[in-house]
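Right, one structure below, let's go through it.
The values are calculated or read from the model by the stated rules, or taken from the named source; none is laboratory data. Everything numeric here is computed off the predicted structure, so don't read it as measured data. Glycine gets a Cβ as well: all are built from the backbone with ideal geometry, and neighbour counts include every protein chain shown. Surface accessibility is based on the protein's heavy atoms, side chains included, excluding ligands, DNA and RNA. Shrake-Rupley method; radii C 1.70, N 1.55, O 1.52, S 1.80 Å.
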Amino acid sequence: MNKKLKPDWAGEDMLSQFVNLLIQTKPIYKVMKHQARQVIIKTAEKNGVPWRKNYEKLAASPVQHHFDAVTNPQVTYPDYYKVPFHAYSEGNLCWKAALEAPSATYSMALRVWKNEPLTWQAAHDRLRGSFHNVLGLYAPQKVEDILDVGCSVGISTLALHRYYQNKQNHPVRTVGLDLSPYMLAVAKILDINNEISQWLHAQAENTGLADKSFDLVTLQFLTHELPSEASKAIFRETYRLLRPGGAIAIVDNNPKSAVIQNLPPVLFTLMKSTEPWSDEYYTFNIEAVLEDIGFEAALTVESDPRHRTIVAKKPL
Ligand SMILES: C[S@@+](CC[C@H](N)C(=O)[O-])C[C@H]1O[C@@H](n2cnc3c(N)ncnc32)[C@H](O)[C@@H]1O
């Protein structure tokens, strides 16, 4: 039985502090950043994700037109968002990050089952399916309005929308929200059939959406990119947006996962070098904070070998 609550390489532990020291050393960080990127690209290309072709195809699309249409000039960017992420010095606020995001998403799914001979499509279906299965069991049975917060290029949003659209015999309205207009512009391109009602450029902490207007709000692989205070503010905003009986569902890295706790030093150092809020994320008690805000007791399921899904309902 695995009793550790989090990996030793995150938080206040000596190992964690040593890794941080390494990352803060500029020449080492530069090498780490490059290597982290290579791991993702190699995983993708070895498994048939055409990284360069996907990039070029999107770059040649009318993505700039969608950028202009989706951008809300009133939106401001918090400091925690403007730091380098995922080996991009401008984080999520640049074209390179957005045009590579679909391939990076498929690569991330492949790494969950990296010892199994899965195609990238099968790995991705399994990743989303494991989350949807938990929703099927523990989220409200009738869902009409869905908000996917931190939707990035909309791959999570489209999969979620289709899951509910196929499961229920009534229409579902789904909104994808992100702080990066670059990501949203790509989402608009990938949403070929206009299945999603709105791609919304906003801060998840302050969406401007109406009170009690959603049955389900999802945060898929968002919280590990946030300092704890930002996550708390987003949970509070989510509570406001949900109807009584509605649910928040969060899927992200599982601090208790044996795979994550036992990552080889090279891999956890690479991971920390591109995920600036890892220490806060791995020591943050999400379930306790949700309850403090007013949600019913949260339910946590190990939805795949690396990730956990947390579902909590707003009381009726
Ligand atoms: C790892 S990506 C999410 C991936 C996507 N949900 C999926 O499952 O494929 C995290 C996204 O959260 C967005 N994000 C980070 N902080 C945010 C905030 N405060 N408000 C809205 N979006 C935010 C980033 O721009 C980025 O696109």
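Measure of size requested: the Rg and Dmax of segment 151-202, with Cα atoms as the atom set and Å as the unit; please supply both.
Every Cα atom of segment 151-202 included, Rg and Dmax give 10.7, 34 Å.
Over the heavy atoms of Thr300, what accessible area does a 1.4 Å probe trace out, to the nearest 10 Å²?
70
For q = 0.14, 0.15, 0.21 Å⁻¹, what log10 I(q)/I(0) does segment 1-113 give under the Debye formula with an equal point scatterer on each alpha carbon and no solvent?
So the normalised log intensities are -0.81, -0.91, -1.25.
Keeping all protein chains in the complex and leaving out DNA, RNA and ligands, what accessible area do you get for Arg240 with a 1.4 Å probe, in Å² to the nearest 10?
Surface accessible to solvent at Arg240 totals approximately 70 Å².
Roughly how many nanometres apart are two label points built 7 Å out from the Cα toward the Cβ at Lys42 and Val83?
2.7
Could you give the accessible area per residue of segment 65-141, probe 1.4 Å, as a whole number in Å²?
Roughly 49 Å² per residue, with all protein chains present.
In debye, nearest 20, what is the charge dipole magnitude of the chain about its Cα centre with +1 on Lys and Arg Cβ and -1 on Asp and Glu Cβ, if you could check?
The calculated dipole for the chain is roughly 800 debye.
Rounded to a whole number of µm²/s, how large is the Stokes-Einstein D of segment 133-268 at 10 °C and 1.306 mPa s, given Rh as the Kirkwood radius over C-alpha pairs?
Once the numbers are plugged in, D ends up at 101 µm²/s.
How far apart, in nanometres, would the label points at Val31 and Leu316 be if each is projected 7 angstrom from Cα along the Cα-to-Cβ direction?
6.1
Where does each of Met14, Met183 land when they are ordered by accessible area, with a 1.4 Å probe and the largest first?
Numbers: Met14 170, Met183 10 Å².
Ranked from most to least accessible, the order is Met14, Met183.
Pairwise over distinct Cα atoms, reciprocal of the mean inverse distance: report the Kirkwood radius of segment 217-292 in Å, one decimal place.
13.6
Tell me, what HN-Hα J-couplings in whole Hz come from the Karplus equation 6.51 cos²θ - 1.76 cosθ + 1.60 at θ = phi - 60° for each residue of segment 200-212, using x for Gly and Pro?
With the stated coefficients, segment 200-212 comes to 10, 8, 7, 7, 5, 6, 8, 7, x, 7, 6, 3, 6 Hz.
Just for the chain, what percent of DSSP beta bridges are antiparallel, to the closest 5?
That works out to approximately 40 percent antiparallel.
Using a 1.4 Å probe over the heavy atoms of the protein chains, calculate the carbon and sulfur portion of the accessible area of segment 14-313 as a whole percent.
54
With the Cα gyration tensor of segment 14-313 in hand, give its eigenvalues times 5 under a square root as the equivalent ellipsoid semi-axes, listed largest first in whole angstrom.
28, 23, 20
If segment 199-259 were replaced by its equivalent ellipsoid, with semi-axes equal to the square roots of 5 times the Cα gyration tensor eigenvalues, what would those be, largest first, whole Å?
That gives 22, 14, 10 Å for the three semi-axes.
Take the Cα atoms of segment 103-186, build their convex hull, and give its volume per residue in Å³. Please report the intermediate quantities before stating the final value.
Working: hull volume 8.7 nm³, N = 84.
Given the Cα convex hull of segment 103-186, per-residue volume reads 103 Å³.
What list of ³J(HN,Hα) couplings, whole Hz, do you get for segment 136-148 from phi and the Karplus terms 6.51, -1.76, 1.60, once you set θ to phi - 60° and write x for glycine and proline?
x, 7, 10, 8, x, 6, 10, 10, 10, 10, 10, 10, 9
Taking amide hydrogens as modeled 1.01 Å from N in the peptide plane, which residues meet the under 5 Å criterion relative to Leu216, leaving out close sequence neighbours?
Under 5 Å from the amide H of Leu216: Asp145, Leu147, Ala247.
List every residue whose amide H lies under 5 Å from the amide H of Ala139, counting only residues 5 or more places away in sequence or on a different chain, with H placed 1.01 Å from N in the peptide plane.
Result for Ala139 returns nothing.
At what distance in angstrom do the alpha carbon centres of segment 8-52 and segment 218-240 lie from each other?
24
With every protein chain in place, what's the accessible area of Glu302 (1.4 Å probe, Å², nearest 10)?
That residue has around 140 Å² of solvent-accessible surface.
Once you put a point 7 Å from the Cα of Asn194 and another 7 Å from the Cα of Asn115, both along the Cβ direction, what distance in nm separates them?
Here the modelled spin labels are 4.8 nm apart.
Across segment 269-280, in residue order, what do the Karplus-derived ³J(HN,Hα) couplings come to in whole Hz, using 6.51 cos²θ - 1.76 cosθ + 1.60 with θ = phi - 60° and x for Gly and Pro?
5, 4, 4, 5, 5, 10, 10, x, 9, 4, 4, 5
Rounded to the nearest 500, what is the chain's calculated 222 nm mean residue ellipticity when only DSSP H runs of at least 4 contribute -39500 (n - 2.57) each, over all residues?
Using -39500 (n - 2.57) per qualifying helix, the result is -14500 deg cm²/dmol.
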